Amino acid sequence: IEIYSLHVDCKVTSRFAHTVITSKIVNRANESREATFEVELPKTAFITNFSMAIDGKIYPGIIKEKASAQKEYDTAVSRKQSAGLVKITGRKLEQFHVSISIAAASKVTFELTYEELLKRQLGKFELLIKVRPKQLVKHFQIDVHIFEPQGISFLETDSTFMTNELTEALTKVQNETKARILFKPTVDQQKINPELNETLLNGDFVVRYDVKRAATAGDIQIVNGYFVHYFAPHEMPVFPKNVIFVIDRSGSMAGRKIEQTRDALLKILQDLRPEDRFSFITFNSRVVEWKSSVLQATAENVASAAGFVQTLSASGGTDINHALLTAVSVLDKAERLPERSVSMIILLTDGQPTSGERNVEVIQENIQKAVNGKYALFCLGFGFDVSYKFLEKMALSNGGIARRIYENADAALQLQGFYQEVATPILMKIEMQYPENAVEGLTKNNFKLFFEGSEIIVSGKISNELDLLPVEIKAQSHASDLTLREEANVKEKEQVFQNQSYIFGNFIERLWAYLTIQQLLEKSISAQEEDRKTLEMQALELSLRYSFVTPLTSLVVTKPAGQQQTELANKPTEAG
């Protein structure tokens, strides 16, 4: 079985990435063989299309509601469960895998399309392409086109498998608003050494970039009646933080995990700003406060805290409820906190609640009542014994996010990396306002906090009559209350994308659908049962209308007669 052509074509238009992977395979044997198409794609992406062409006959994948697809499938397969076609394979990736049997001398073309909105983190957008053909490929290429009307401020490529020879196969062309990256190694360049037919191509190919930002009220783009508004202020004074670290020291944290936690906390202590205030709470079945209040991050207090962190050892049960309630009460009782400051609780745990209150629903309720919208709660789940669903619901219900920390050599770096993302809040209570009578289907438009290096994205549909789209942003900065205004000329904005040969026409509409689905799904995690159903119905309707494989839909893959007829591709979620 020979893969004679493998193309990855990616078009990024204003952060929205559309990737098509085409693999052409021929069976050179004189009997039928199994041809496999295996692709790793980002977890944040949605598959939108898949097809197989066998000797010219096309077998398209069809996207259906997950529940009904599963029902049809179970009936057809008569209980012989085969594993799904998609599974999580790493921190950032999931794998799509399909095999079919093809006759001697037959050819098959597999084509998979997926889309995602690139998210700005620590000042960069990152496009990740996983490369693993497992054999030398005669026609191999990765072709990335980027078009950013705001202008590209920097661009870099990075790869885990590059050699000097392979670098010669890489070309980058860039002007003010566009970039093209082409990676097209010959068979000889792909070889580990001239004698062996083994490929070097195994790993990540990453493109990172950022855009220029001139307008204070962000940047608005419009195509076919849909708009997207990007807002990422920078060089603003940073709010002082009041941060409480709530650290699990139960028995399961013993050994490497608690060591890595100590290393990370020592580094994080060095990163605190002098105007920040902080404290530590550690817990097993008992809750221990380092100090009964939050202290200013003076050199002296930081040194004393470092001493405390170094003594951390692990044993006993897990009382998450009592630990978090203690953290909330420390912030509640704190005196003389700067009026304009951001209070947050960062929980790190590696397990389920095993002592004190154990019912996760009761814990969620207790914490939400206590926090009452005053503080942001971030939940870090260390490893795979945590109930990620529980942590995610708790964080999202309290203005924060959850993140999984993987048990690897770099766990301390993962913890520090997370802290860096939330270390510099520069705006609070951000409201993005648009004329009510002229805009519909607006995505989330008010945000508790904005951190330096990230980006706020709002999208919606504008009514046909509108010539000017006025926007107003209200927010609190450390120095003052801000009101920023901007007017977008609809005709002029539409013009920007008119003559771009490689723009897929309705990309802002698809971006709007992608963002809306993601937000509906996120909202449904912390919603009550009744609301959850409504939110899921809306997300399902959009997933079907725009053909996205989301946790609510399935891609039904139909194979030629005589083989297991249908298989399902479902989207796995972090919470399992």
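For this structure, a couple of remarks:
- Test result for R273, within 32 Å of the chain's Cα centre (by Cα) and either outside any helix (DSSP H, G or I) or modelled with pLDDT under 95 (or both): yes
- Filtering segment 212-259 to residues that are open to solvent by less than 10 Å² (accessible area, probe 1.4 Å), part of a strand (DSSP E or B) and either under 26 Å from V342 (Cβ atoms) or hydroxyl-bearing (S, T, Y) (or both) leaves H229, Y230, F231, K241, N242, V243, I244, F245, V246, I247, D248.
- Boolean, A327 is open to solvent by less than 40 Å² (accessible area, probe 1.4 Å), closer than 29 Å to M428 by Cβ and assigned to a helix (DSSP H, G or I): yes
- Within the set S387, S355, S397, the sole residue that is in contact (Cβ under 8 Å) with a residue 24 or more places away in the chain and closer than 24 Å to S292 by Cα turns out to be S355.
- Yes/no for A53 being open to solvent by less than 60 Å² (accessible area, probe 1.4 Å) and aliphatic (A, V, I, L, M): yes
- For segment 261-306, a tally of residues being open to solvent by 20 Å² or more (accessible area, probe 1.4 Å), polar (S, T, N, Q) and in contact with a strand residue (DSSP E or B) (Cβ under 9 Å, 6 or more places away or on another chain) returns 5.
- All positions within segment 9-20 that are open to solvent by less than 10 Å² (accessible area, probe 1.4 Å) and part of a strand (DSSP E or B): C10, V12, T13, F16, A17, T19
- Out of N284, N224, sole residue that is touching a residue at least 40 places away in the same chain (Cβ under 8 Å) and at positive phi: N224
The values are calculated or read from the model by the stated rules, or taken from the named source; none is laboratory data. All of these numbers come straight from a predicted model, not from anything done at the bench. So basically every Cβ, Gly included, is an ideal-geometry build from the backbone, and we count neighbours across all protein chains shown. Accessible surface areas use protein heavy atoms only, side chains included; no ligands, DNA or RNA. Shrake-Rupley method; radii C 1.70, N 1.55, O 1.52, S 1.80 Å.
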